[in-house]
1. Which helices (runs of 4 or more DSSP H) sit wholly inside the range 35-115 and have at least 3 residues that are under 12 Å from the mean Cα position of the chain (by Cα)?
2. Specify which of the listed residues (Asn5, Asn45) is over 24 Å from Glu117 (Cβ atoms), among the polar types (S, T, N, Q) and buried (at least 17 other Cβ atoms within 10 Å of the Cβ).
3. Of the conditions (1) within 21 Å of His109 (Cα to Cα); (2) modelled with pLDDT under 95; (3) basic (Lys, Arg), Arg38 satisfies every one except a single condition; which number is it?
4. Out of Ser78, Ser27, which single residue is more than 22 Å from Met139 (Cα to Cα), surrounded by fewer than 17 Cβ atoms within 10 Å (Cβ to Cβ), among the small types (Gly, Ala, Ser) and at pLDDT 95 or above?
5. How many residues are more than 18 Å from Gly52 (Cα to Cα) and either surrounded by 19 or more Cβ atoms within 10 Å (Cβ to Cβ) or modelled with pLDDT under 95 (or both) if we restrict to the range 122-141?
6. Going by the conditions given, is Ser2 among the hydroxyl-bearing types (Ser, Thr, Tyr) and either in a helix (DSSP H, G or I) or touching a helix residue (DSSP H, G or I) at 6+ places or on another chain (Cβ under 8 Å) (or both)?
7. How do the pairs read when you match residues in the range 34-56 that are touching a residue at least 24 places away in the same chain (Cβ under 8 Å) and of a type in the set (A, V, I, L, M, F, W, C) with residues anywhere that are surrounded by fewer than 18 Cβ atoms within 10 Å (Cβ to Cβ) and in a helix (DSSP H, G or I), using Cβ under 6 Å and keeping only pairs 6 or more apart or on different chains?
Amino acid sequence: MSRFNIQKLQPDAYVAMFGLEKYLSTSLIPPVTQELLRIRASQINGCYFCIGMHTDSALKQDETEQRLGELATWKESSLFSERERALLAVTEEVTLIADQGLSDETYQHVKQFLSDEEIAQLIMLISTINAWNRMAISMRA
C-alpha cells in the first residue's frame, strides 16, 4: 500500500527531477541503452515500479525480451556487447557505491568506450535512477 506521494507534497522536487530527465534526454548515450541501465539499477535496488516502467519503455524501443530477461545475469550472457558490459559494470558499482565506489579497473574499462563527457552523463543517469528508486521504494509506489 502506498504511503504518501512526494509529487503532491513536494512538487518542486519533482520539477527538479524532471529537469534531470530532460537533461538526460539530450545525452549521447542511446535511449534504449539508458533504459537497460535504468532497469539494471532498479533490479539491484528492488524497485518493482521502475523495473516495470523502464522495461515497457525498452520494449517500445525494440529491445528484445530475451536481452531483458538476461539483464540481471549480464555477466554470464553473450547477448551484451563489450561496450554495454562496461556501462553495466559502472551502473552496478555506482548503484552499490558503499561497497567499493567506482573502481579504477571499471573506470579504465569504460574509458575505452566513452568520452569523459559521456562518462559524466552516465554517472548522472545512474544517480538519477537511483534517486527515483529511493523515492518510489520509500513511498511504496
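The values are calculated or read from the model by the stated rules, or taken from the named source; none is laboratory data. What you see is a predicted model, and the numbers here were worked out from it, not measured in a lab. Because the Cβ atoms are built from the backbone with ideal geometry, glycine has one as well, and the counts that use them run over all protein chains shown.
1. It comes to 48-60, 82-95.
2. On the way: Asn5 fails: buried (at least 17 other Cβ atoms within 10 Å of the Cβ).
One residue alone meets the criteria, Asn45.
3. Condition (2) is where Arg38 drops out.
4. On the way: Ser27 fails: surrounded by fewer than 17 Cβ atoms within 10 Å (Cβ to Cβ).
None of the others qualify; the one that does is Ser78.
5. First, the residues of the range 122-141 that are more than 18 Å from Gly52 (Cα to Cα): 122-124, 127.
From the residues that got through so far, the ones that are either surrounded by 19 or more Cβ atoms within 10 Å (Cβ to Cβ) or modelled with pLDDT under 95 (or both) too are 122.
So the answer is 1.
6. On the way: among the hydroxyl-bearing types (Ser, Thr, Tyr): yes; either in a helix (DSSP H, G or I) or touching a helix residue (DSSP H, G or I) at 6+ places or on another chain (Cβ under 8 Å) (or both): yes.
Yes: the conditions hold for Ser2.
7. Sorted first by the residue in the range 34-56, then by its partner, the pairs are Cys47/Ile137.
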